[in-house]
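Engineer: Let me give you the structure first, and then I'll get to my questions.
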Amino acid sequence: MLGTALGSHSTGQTTVTSLAVANPGSLIQSVDWVAIAPPLIAALAALAVLVTDLFLPARHKRWLGRLTAAALALAIVSLLPLTGGSPRATFCAQNVTGATDNAGCSYVADHFALVFQLLALGGALIAALLSAHTVEREELPGGEYWFLLLSSATGAALLPASRDLATLVIALEVASLPAFALVALRRDGRGAEAALKFFLSSVTATAVMLLGIGFVYAASGSLHLGAVATGLEHAPAQLKPLAEAGAVLTLAGFAFKVAAVPFHFWVPDTYTGAPLPVAGYLSVVGKAAGLAGLALVTTIAFRPYAHTWGLVLAVLAAVTMTVGNAGALRQRFDTRYSAVRLLAWSSVGQAGYLLVPLAAAGYAPTTTDPLGATAAYALIYGVVNLGAFGVVAAVGRRSEAGVDDFRGLFARRRWTALALAFFLLCLAGLPPGVIGLFGKVVVFRAAVDAGLGWLAVVMAVNVVVALYYYLRWTAVLFAPAPEAASEAASVAEGAAGAAGDRAAAAADTAPERRLPVSLTATLGLTASVAVVLSVAPQLVLQVVGGSLF
């Protein structure tokens, strides 16, 4: 066989092997640099930040954050040349010229990849803007912080374009491993504890996933997603149990990255122990990476088992949204860390909504691609959730802030309070957060069109339940401040006491400092995007109209 590949001929009793081939150009593969530009720019920027940090004086370290933001913005711009025309593929194991499914290619820049790359890189950019003030105030090591953020963003951008199981695992770990260190960068015991919980649970999930991928490879004989589907469909009967076990274990590993129940237990502690921008990053970019991987392995590689994993994901979605909302309802508003913990439990509930269209994709095909609903809702959720974390960072400045610390925020910082109220209403799906409402309707319709009426009912009930804590937090923003309440009580007791209380209240509220430029930019950007999408929801909902692959 080797002789056939290299070229061989026999002379008497001696076989002479020639290293020359008829068409040597067939062994050389050109790389489509334009297709791989988004993750490549982030990776090169990470190396540039790491090297620059060695020679940059301490007083100029803030330029590393600006370099990071500029590189992420450039990576987003590099998506534009890929938006027109047919999907572009590279790193192919065979000639796929003229093929419609890019069989045998490890990297494919199609519509699906571009949407999730936009979410990953855009979320990383917002997290970078949010991090500029945090790195200085908490005295985090700037070079390491920005390097780790860019490295994780590289993996998150690579994963949606991966089309074989090996590249998927590598991209997922590149996105996850730097995130462990980012969580641990806070110099207190809580940060180290959160990172340890995150690391141990993630490593366990990865080990389970690798075992499952090994089973799948043994049953299908391939790692490329399309070939895996063909191999599983024609696998011998004795290998069917091995293939099914491998599929379940692989889905379990990706379910951890999405923070689906019962793989969600790390979320509240990790979010509260991490720096606030890192918590926001994990809630959006980390979840998007896991969701993209889950969508790829189910809809492409495990297509022969569609009805099985469709039912599993439907149950998983129902349990996840219910447990997430129940955890948020139990959260007390007057305790430390309650603001971040409430957003953490909310993100678990939102993960349940994101899984609904994936479950619908496992059932009878519909006129619209259910994956489009997942992509659209993920984009909407990413913008408003990062905006909510931005307001928490602006008001609490640390993750210790409780929800009651936001009481009377409208009287102190009107625009900040209005921004948070708008983000919360978008998450709840209520006007004027129209884009949140449209997102939930799209997800609800995907379940109904797939015949999952029971899942649509469970989702509707959970949406109503979630209104309680979203609206309650919104009401806190416009409630009288504690100083105002004590002042009113003092007025009833006597003029002298009232004057003293007013003076004390004025002393407490006078030094309201202006928000740092980075936080102002973050809130302005996220709020502007959310408002524009609410006015023109078709800008994001158009991804629902057709197939992403």
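Engineer: Would you please classify the overall shape of the stretch 113-164 from the alpha carbon gyration tensor, given that a ≥ b ≥ c denote the square roots of the eigenvalues, rounded means a/c under 1.5, and beyond that prolate means a/b larger than b/c while oblate covers the rest?
Structural biologist: It comes out oblate by the Cα gyration axes.
Engineer: Calculate what fraction, in whole %, of the accessible area of the stretch 137-252 sits on carbon and sulfur atoms when a 1.4 Å probe is rolled over the protein chains.
Structural biologist: Working: 3030 of 4410 Å².
The value for the stretch 137-252 is 69 percent carbon and sulfur by accessible area.
Engineer: What number, in percent, do you get for the relative contact order of the stretch 393-456 if the mean sequence gap of Cα pairs under 8 Å and at least 6 apart is divided by its residue count? Can you show the working numbers first?
Structural biologist: On the way: 39 pairs, mean separation 8.2, N = 64.
Computed value for the stretch 393-456: 13 percent relative contact order.
Engineer: Which trypsin sites (Lys or Arg not before Pro) in the stretch 155-261 sit in a loop by DSSP (not H, G, I, E or B) and have at most 13 other Cβ atoms within 10 Å of their own Cβ?
Structural biologist: Details: sites: Arg163, Arg186, Arg187, Arg190, Lys197, Lys257; in loops: Arg163, Arg186, Arg187.
Answer in residue order: Arg187.
Engineer: Per residue, how many Å² of accessible area does the stretch 298-429 show with a 1.4 Å probe?
Structural biologist: 30
Engineer: At most 11 other Cβ atoms within 10 Å and a DSSP loop assignment: could you name the GluC sites (Glu not before Pro) in the stretch 125-160 that fit? Each step should come with its number before you reach the end.
Structural biologist: Details: sites: Glu136, Glu138, Glu139, Glu144; in loops: Glu138, Glu139.
Here the GluC sites (Glu not before Pro) that fit, given the DSSP loop and packing criteria, are Glu139.
Engineer: Over the C-alpha atoms of the stretch 226-303, what are the Rg and the largest Cα-to-Cα span, Dmax, in Å?
Structural biologist: When restricted to Cα atoms, the stretch 226-303 yields Rg and Dmax of 16.0, 51 Å.
Engineer: Compute the distribution of all C-alpha to C-alpha distances in the stretch 415-468, in bins of 5 Å from 0, and list the percent of pairs in each, rounded to whole numbers.
Structural biologist: Final binned percentages: 4, 21, 24, 22, 14, 8, 4, 2, 1.
Engineer: With N set to the number of residues, divide the alpha-carbon radius of gyration of the stretch 345-455 by 2.2 N^0.38 Å and report two decimals.
Structural biologist: Its radius of gyration relative to the 2.2 N^0.38 Å reference: 1.25.
Engineer: A further question on this structure: Would you mind telling me the share, in percent, of accessible area of the stretch 383-467 contributed by carbon and sulfur at probe 1.4 angstrom?
Structural biologist: 70
Engineer: If we restrict to alpha carbons, what Rg and Dmax does the stretch 273-345 come to, in Å?
Structural biologist: 15.9, 50
Engineer: May I ask you to give the solvent-accessible area per residue for the stretch 130-199, in square angstrom, as obtained with a 1.4 angstrom probe?
Structural biologist: Roughly 32 Å² per residue, with all protein chains present.
Engineer: Another one. Considering just Cα atoms, how many Å³ per residue does the convex hull of the stretch 172-214 enclose?
Structural biologist: Looking at the stretch 172-214, the number lands at 41 Å³ per residue.
The values are calculated or read from the model by the stated rules, or taken from the named source; none is laboratory data. A quick note: this is a predicted structure, and the numbers were derived from the prediction, not measured. Cβ coordinates were reconstructed from backbone atoms using ideal geometry, including for glycine residues, and neighbour counts include every protein chain displayed. What goes into the accessible areas is simple: the full protein's heavy atoms, side chains included, and nothing from ligands, DNA or RNA. Shrake-Rupley method; radii C 1.70, N 1.55, O 1.52, S 1.80 Å.
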